[in-house]
Every structure is written in C-alpha cells, then in structure tokens.
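Written below as structure tokens is the structure these notes are about.
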C-alpha cells in the first residue's frame, strides 16, 4: 500500500427493499452527508465519520413504511462493502484498533481486527427500546451487516450507562476511533501484511 494512496470507494446496492449508495474515503477529514430516512442512525454515523476521520456520504431509500430494519441492515452491508474495497490488500496498516469513549455516565469499549474473518461480539444492554423513533435492536443489525461484508472481527461492549442516547453515542464514537487506529498506515510495516499467514 502506498503511504500516499487515497483509499476511496463507492458502492451502490439495490434490492427490492432498499436502494443504497455509500461513498467513503478512509484518508479523509471527517466530512459527512447522510440521507437515509433514519435521523438517529444518521447522527450515529456522523460519529463514525468525525471520530474516524473518514469522509462518508450515504444515501438510502428503504421500505421505512414497514420499519427501519432493512434500511439499517443494508446500510451496514453497503458500508462494509465500501470499507473492504477502500482498504484494499491491507498491507502496511496497523490492523488492530481499540478505543474507550465516555459520555457523561456512559462508557463503551470497541476493539476491531481487520482479520478478513467476519465476527461480531455485541454486548450493549440499552436501558430503553427506542431512542426517539429509532429501535435500538437495529444497531446490532447495522453492525452485523458491516462485519459480514467488511470482513472484520468487532467487539463492542457498553461498560456502563443509564441514558440510552449516551450509550449509543459512546459505542459509535469508539467504533470510529477504533477503525481510525486499525486502518492507519504503520511506517514500520510499509508493504508488509500484518499477519504470519501473509494474507488477511
């Protein structure tokens, strides 16, 4: 991987349930634009962009007259596909990332491995089922879609918190910061795959 190469991707996913386009730049400055019909999810994805320094543009049209499930899941899927494409062969990256993020009484930890193997360990006991009009169950679906298609192992733990908004925000801020660490070029690993297997 060239240390100066821009790692960008654009993916469009069309199904009978959703039509989604994701554009991202892993070497951005945290600029973002979202049009998904799910305002609270947009707010959370803005945390990914700003704390991950990832430029992120997502436009989604889904069957929200049913509920937000298909839209949230498919945004995760399409974001994962774009992330994998932008990341490329992973040579020269740090591979692992982690972050602890507090917000008032809430604290979350996120750890990521760009392993090539999809895996999600999600331990967040939200204190209420809805945040505004957003069903908190859909956060799991979003992250499951992401890991399945990005090919990463992701551990998410909300360690404490009694305000559900704060719980969610700490998770997404920590996710952004963990991704930022994992994809960061490591000058000591230039041109090297960070695995004894020789591939990720």
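The values are calculated or read from the model by the stated rules, or taken from the named source; none is laboratory data. Quick caveat, the model's predicted, so the values are computed rather than measured. All Cβ positions, glycine included, derive from the backbone under ideal geometry; neighbour counts span all protein chains shown.
Things to note:
- The residues of the range 67-89 that are surrounded by 21 or more Cβ atoms within 10 Å (Cβ to Cβ) and more than 17 Å from the chain's Cα centre (by Cα) amount to a single one, 68.
- All strands (runs of 3 or more DSSP E) inside the range 1-58 with 3 or more residues being touching a residue at least 12 places away in the same chain (Cβ under 8 Å), more than 19 Å from residue 139 (Cα to Cα) and touching a strand residue (DSSP E or B) at 6+ places or on another chain (Cβ under 6 Å): 8-14, 18-25
- Residues that are in contact with a helix residue (DSSP H, G or I) (Cβ under 7 Å, 6 or more places away or on another chain) and modelled with pLDDT of 95 or more are absent from the range 184-194 altogether.
- Tally, over the range 91-103, of residues that are at pLDDT below 95 and surrounded by fewer than 21 Cβ atoms within 10 Å (Cβ to Cβ): 1
- Qualifying positions in the range 138-156 - surrounded by fewer than 17 Cβ atoms within 10 Å (Cβ to Cβ) and touching a residue at least 40 places away in the same chain (Cβ under 8 Å): 155
- Taken together, 170, 127, 199 contain a single residue that is out of contact with any helix residue (DSSP H, G or I) (no Cβ under 8 Å at 6 or more places or on another chain) and farther than 19 Å from residue 90 by Cβ, which is 170.
- Restricting attention to the range 147-200, the residues being assigned to a helix (DSSP H, G or I) and closer than 20 Å to residue 72 by Cα number 18.
- Looking at 34, 83, just one residue is closer than 15 Å to residue 151 by Cα and touching a helix residue (DSSP H, G or I) at 6+ places or on another chain (Cβ under 6 Å), and that residue is 83.
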